[in-house]
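None of the figures in this text is laboratory data; all of them are computed from the coordinates on show. Note that the coordinates shown come from a computational prediction; the quantities given were computed from them, not determined experimentally. Cβ coordinates were reconstructed from backbone atoms using ideal geometry, including for glycine residues, and neighbour counts include every protein chain displayed.
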Amino acid sequence: MSPTPTDDSLPDQPSPPNPSEDAGLIPRITSPLDKNAIPSPPTAVSWDANTLRPETAMKMLCRAVQALANVSGDIPPTPPLTRFGTPGRLTPSTNGVEFGSEAFRRHHRRTSSRPATPVPNHDIKAPSFIQVDVGAPEACMNEPATADVGANALDSQVQQEAIARKFFSKAPPRVSLEEYMARLQRYCPMSTAVYLAAGVYIHKLSVEEKLVPVTSRTIHRLVLASLRVAMKALEDLRYPQHRFAGVGGVSESELRLLEIALCYLTNFDLQVDNELLYKKTIGLQQAAFQSTLVKSRLQPGEMKLRLPINLAQRAKVDVSV
C-alpha cells in the first residue's frame, strides 16, 4: 500500500487561466500605414473577407458611410419627448430609491462580463497624444432612457426614436471621418471582420430600418459604437473602456450608452458570418452609390431629405424632388 502523499511532495499547481492576461492577445501598436500604401477596396464583383487587410476594410466602410452622409445633408433628430408621466418619474421606489432616478442608475451600473485585455496606455497621454471631441449627444433630460422599463413604458417606436438621438452630435465634429477612423486604427487596431461587421450594423440601422440617418452629425458616433460592439461580439481582444473612449473622443459613460443604444436598435442581432459580411457590405456600398447617383441628377436645392416626425411614418425617409 503506497503512502499517502504529503503537501510537500506534491508539485506546485499552475494558477487558474486568465485569458485577459495572455500577452499574445495584446496587439502590436504602431503608427498607421501611409495612406497611399493602403490597398484600395476591390473593384471586382467578388472578394473574400479572409483576404482583405484591416486597413482596406476600414477604407471600404469609411467611403460608403461618408458617401451616404454627403447625400443626406443635415437631418435633425425628432423633437425630444417632454410630457407628464415620462417613465422613471412616477414609478415606484426601490428601497427608498426612485426607479429611473440618477441615484438608481448610480447604484445599478452595468458590470463587465469579462476583464479587458491589458494594453499599455502611455501612447495616449499628453503631450504626444492629441485629444478629439465628437460632441455631446443631442438629447433631453426628460426623454425615455434604457433603464426606464416597466408598466409605464412608452411605445417601442417612441423609445427607438429617443434612443436614436444618442447618435446625434449637437454640431458636426471638426475631424473628418477618414482621419477619425485612421486614429482609431492607430491606437486601437481592429481586424477586418470588425470593420465589416460594423458596416453590417450601420446598414441595418440606416438603410434597412432607417432608424438612424447617416449625416455629418451622426457618422462619428455611429461608427464608434458599431466598431466597439463588433469588437466585443466577435473577438477575444477587448480594449479597456477608458482607452477606446479616449481615442474616440467621448466619455466612458457616453461610450457605454452608445453601445447599449446600438444593441437595442439592432435587437441584439450581432452575430455575422462571411456570407453576411459580404452581402451587407455590398449592400451598403450600393446604397451609397445609388444615393450619390440620384443626387447627381438633381439641381442644387432640389433634394430634401428629412426624418419624419409622424410616428406612423417613422420607417420612411422622404425624398422630395
Notebook entry, point to check: When a footprinting reagent is the concern and you count Cβ atoms within 10 Å, what order do 187, 195, 264 take, fewest first?
Noted result: 264, 187, 195
Item checked: Square roots of five times the Cα gyration tensor eigenvalues for region 150-247, Å -> 25, 17, 14
Next item on the list: Order these peptides, 225-231, 71-77, 10-16, by their mean beta-carbon neighbour count within 10 angstrom, highest first.
Entry: 225-231, 71-77, 10-16
